[in-house]
Number of protein chains: 2
Amino acid sequence: MDRIPILRMGRFLLVTIQIDLYDRLATNLESDLVQMVNKTGARGVLIDISALSIVDSFMGRILGNIGSMSKIMDAETVVVGMQPAVAITLIELGLELKGVHTALNVEKGMELLQEKIGADDLDDPDEDSAE
Amino acid sequence: MDRIPILRMGRFLLVTIQIDLYDRLATNLESDLVQMVNKTGARGVLIDISALSIVDSFMGRILGNIGSMSKIMDAETVVVGMQPAVAITLIELGLELKGVHTALNVEKGMELLQEKIGADDLDDPDEDSAE
């Protein structure tokens, strides 16, 4: 397999990472995602990593890249489904997953994206977004 | 990897099959799915096979099994994202994917499930469900 499928769900894209990313798979995923964001006008990218028991620095960097690329294309990235052990390891390794949001599961990730997009749609940066 | 992650999305469950199923992976998927349907009260199961370029008779049987098991648990199964070449091969092999519905992509699969559940919710089998 050299491509990870990207599913479109309304205004969001969903990617489920089930195997460790190696070089080409990661590069393909990055380019497929930005193209898909461009083609569909998606406003959010959800990346489910619940199947991963290890997130190393390479994977952390790829997730960060995806977050930054999507941001440029005006889409927010949320990483969901992280296993507790992975969270522990990430912090112990000093990896911070910069540029991406996180949520407990896909549903909460979608809620988070809805909020962020909803806040964007108000189009009034001065307004307090607490609600 | 010996488990395929199952994502909960509202009343539906979503499974993305990205690698060929071997014995244990398939058995685990079946048992995980029925348990998840039981635990969450899900009314529909979406199985995305857009990453598969081959669906053989084993895979066909597993999909059929999942469809039948879910049906007993009062959930409909929709297989989505089938590649055109896979559809051709399935028919040439004489495999029919009995017991599961199919849809072009996840969004259309969700619409199909919504319709089926909506029709169920009317709870009046005599009423014409054309709308």
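From A:Gly60, A:Gly99, grab the single residue that is part of a helix (DSSP H, G or I), more than 14 Å from chain B (Cβ to nearest Cβ) and touching a residue at least 12 places away in the same chain (Cβ under 8 Å).
The unique qualifying residue is A:Gly60.
So that you can scan it fast, the table gives a plain yes or no per residue for (1) within 12 Å of the chain's Cα centre (by Cα); (2) of a type in the set (Lys, Arg); (3) assigned to a strand (DSSP E or B):
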residue: B:Gly67; (1), (2), (3): yes, no, no
residue: B:Lys71; (1), (2), (3): yes, yes, no
residue: B:Thr77; (1), (2), (3): yes, no, yes
residue: B:Thr89; (1), (2), (3): no, no, no
residue: B:Gly109; (1), (2), (3): yes, no, no
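Within region A:55-65, is even one residue modelled with pLDDT of 95 or more, acidic (Asp, Glu) and within 19 Å of A:Ile19 (Cβ to Cβ)?
No, region A:55-65 has no match at all.
Can you go through A:Met69, A:Met1, A:Met73, A:Met82 and tell me which one is aliphatic (A, V, I, L, M) and in contact with a Ser or Thr (Cβ under 8 Å, 6 or more places away or on another chain)?
Sole residue among the options that is aliphatic (A, V, I, L, M) and in contact with a Ser or Thr (Cβ under 8 Å, 6 or more places away or on another chain): A:Met82.
Quick one: which of B:Ile4, B:Ile47, B:Ile54 is in a loop (DSSP other than H, G, I, E, B), surrounded by 15 or more Cβ atoms within 10 Å (Cβ to Cβ) and within 14 Å of chain A (Cβ to nearest Cβ)?
The unique qualifying residue is B:Ile4.
Determine if region A:11-18 includes at least one residue that is free of Cβ contacts under 8 Å to residues at least 60 places away in the same chain, away from every other protein chain (no Cβ under 13 Å) and not in a strand (DSSP E or B).
No, there is no match, as no residue in region A:11-18 is free of Cβ contacts under 8 Å to residues at least 60 places away in the same chain, away from every other protein chain (no Cβ under 13 Å) and not in a strand (DSSP E or B).
Going by the conditions given, is A:Val80 within 24 Å of A:Asp2 (Cα to Cα) and either within 14 Å of another protein chain (Cβ to nearest Cβ) or not charged (D, E, K, R) (or both)?
Spelling it out, A:Val80 is indeed within 24 Å of A:Asp2 (Cα to Cα) and either within 14 Å of another protein chain (Cβ to nearest Cβ) or not charged (D, E, K, R) (or both).
Take the residues in region B:19-30 that are in a loop (DSSP other than H, G, I, E, B) and surrounded by 15 or more Cβ atoms within 10 Å (Cβ to Cβ); name whichever of them is nearest to the other protein chains (Cβ to nearest Cβ).
Selected residue: B:Asp20.
The values are calculated or read from the model by the stated rules, or taken from the named source; none is laboratory data. Keep in mind that this is a model prediction, so the values were computed, not measured. Note: ideal-geometry Cβ built from the backbone for every residue, glycine included; neighbour counts use all protein chains shown.
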